[in-house]
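Since the structure comes first, as structure tokens, the remarks are kept for the end.
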Amino acid sequence: MEMKTRINQELRNRAPEEMTQLVIDNCRCVNGEIEGLNDTFKKLEFLSMINVELSSLARLPNLNKLRKLELSNNRISGGLEVLAEKCPNLTHLNLSGNKIKDLSALEALQNLKNLKSLDLFNCEITTLEDYRESIFELLQQITYLDGFDQEDNEAPDSGAEDDEDGDEDDEEEDEAGPPEGYEEEEEEEEDEEEDEAGSELGEGEEEVGLSYLMREEIQFINFFRVLHFGEDEGFSRREEQLNSIIPFLDLFSEEGLRGEKRKRDAEDDGEEEDD
């Protein structure tokens with residue numbers, strides 16, 4: 001797939017000026033030059049053109065916000081001065097697997113004042129004697145070469161850097177403390193929750209404490225009200241139903257309970273006499 005076609009595919013109906021990242025790896029450029037990429041990609045911060053048979057950067061558009069540029073596994077041997085002109089804020093540059101042979105090809109990178117990381121894996125220049133010392137001396141602004149600094153400390157990956165930034169933000173928030181009034185609001189919410197829990201518990205306890213017989217008596221009384229004031233023709237049937245219920249109402253009442261107790265006492269006395 002040609003580079004121009006691949007770029008249109010990656011846009012996915014988005015406007016070029018909205019893009020902040022663009023990955024067009026493994027496509028094919030015509031005559032070793034960039035095509036389909038223009039100044040409308042003005043917000044681009046990350047651009048990856050790995051293995052696209054690129055040999056010239058002459059047609060690279062102005063990308064003032066570009067921070068990371070991936071150009072590994074291409075045919076670039078020089079012409080890097082265009083980077084300082086078109087991408088002045090570049091911080092990470094990967095030229096691994098290109099045809100960079102000597103230090104003179106990298107001299108133009110001295111003008112990239114913000115460059116911190118440079119990768120030259122699998123370039124012929126890496127076979128030079130004192131390669132690392134020479135690069136750090138030439139490009140004094142960089143911190144990492146091929147993933148390590150001058151003391152052989154490994155460079156953090158992008159994810160780790162983002163995490164560190166996030167941790168710093170969290171620490172700042174912790175030091176600043178919660179916003180004013182936050183603790184009071186939190187205490188009020190806790191009090192409300194406790195009140196609600198207590199209310200629910202009280203209702204539950206009251207429900208458990210209600211006498212089952214009392215609820216039944218209330219139901220019977222309501223039934224009597226409906227029966228007494230009802231105007232339908234089923235009065236006789238309801239009256240029969242009520243008559244069958246009245247003994248239970250007597251039983252549930254205090255007087256009924258006392259009468260039932262007297263009845264049971266009398267039966268007990270009769271049984272003693274028989275004996």
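The values are calculated or read from the model by the stated rules, or taken from the named source; none is laboratory data. Keep in mind that what you see is a predicted model, and the values were worked out from it rather than measured. FYI the Cβ positions are ideal-geometry reconstructions off the backbone, even for glycines, and counts take in every protein chain you see. When the accessible area is computed, the model is the full protein with side chains, heavy atoms only, and any ligands, DNA or RNA have been set aside. Shrake-Rupley method; radii C 1.70, N 1.55, O 1.52, S 1.80 Å.
Based on C-alpha coordinates, I'd like the Rg and Dmax of segment 13-105, in Å.
12.5, 43
Please list the radius of gyration and Dmax for segment 1-159, considering alpha-carbon atoms only, with Å as the unit.
Considering segment 1-159 through its Cα atoms, Rg and Dmax are 15.4, 50 Å.
Any chance you could run the full-extension gain for ARG12 through ARG132? It's 0.36 nm times the residue separation minus the Cα-Cα distance, nm to one decimal.
39.0 nm
What net charge is computed for the residues neighbouring VAL52, neighbours being all others with C-beta under 12 Å from the C-beta of VAL52, Lys and Arg scored +1, Asp and Glu -1?
Its environment carries a net charge of -2.
Just the accessible area per residue of segment 3-145, please: how many Å² with a 1.4 Å probe?
50 Å²
Just subtract the alpha-carbon distance of THR143 and ALA108 from 0.36 nm times their residue separation and send over the number in nm, one decimal.
This chain segment gains 10.9 nm when fully extended.
With the cut-off at 27 Å, tell me which of the pairs LYS4/LYS42; LYS4/LYS86; LYS4/LYS116; LYS68/LYS99; LYS4/LYS43 have Cα atoms farther apart than that.
LYS4/LYS116
At what distance in nm do the modelled label points of MET1 and ASN31 sit from each other, each positioned 7 Å from its Cα along Cα→Cβ?
2.4 nm
Hey, any idea what % of segment 3-145's accessible area is carbon plus sulfur with a 1.4 Å probe?
That fraction is 39 percent.
If Lys and Arg each add +1 and Asp and Glu each add -1, what is the summed charge of the other residues whose beta carbon sits under 9 Å from the beta carbon of ILE24?
-1
Provide the net charge surrounding GLU70, with neighbours chosen by a C-beta distance below 12 Å and charges set as Lys +1, Arg +1, Asp -1, Glu -1.
0
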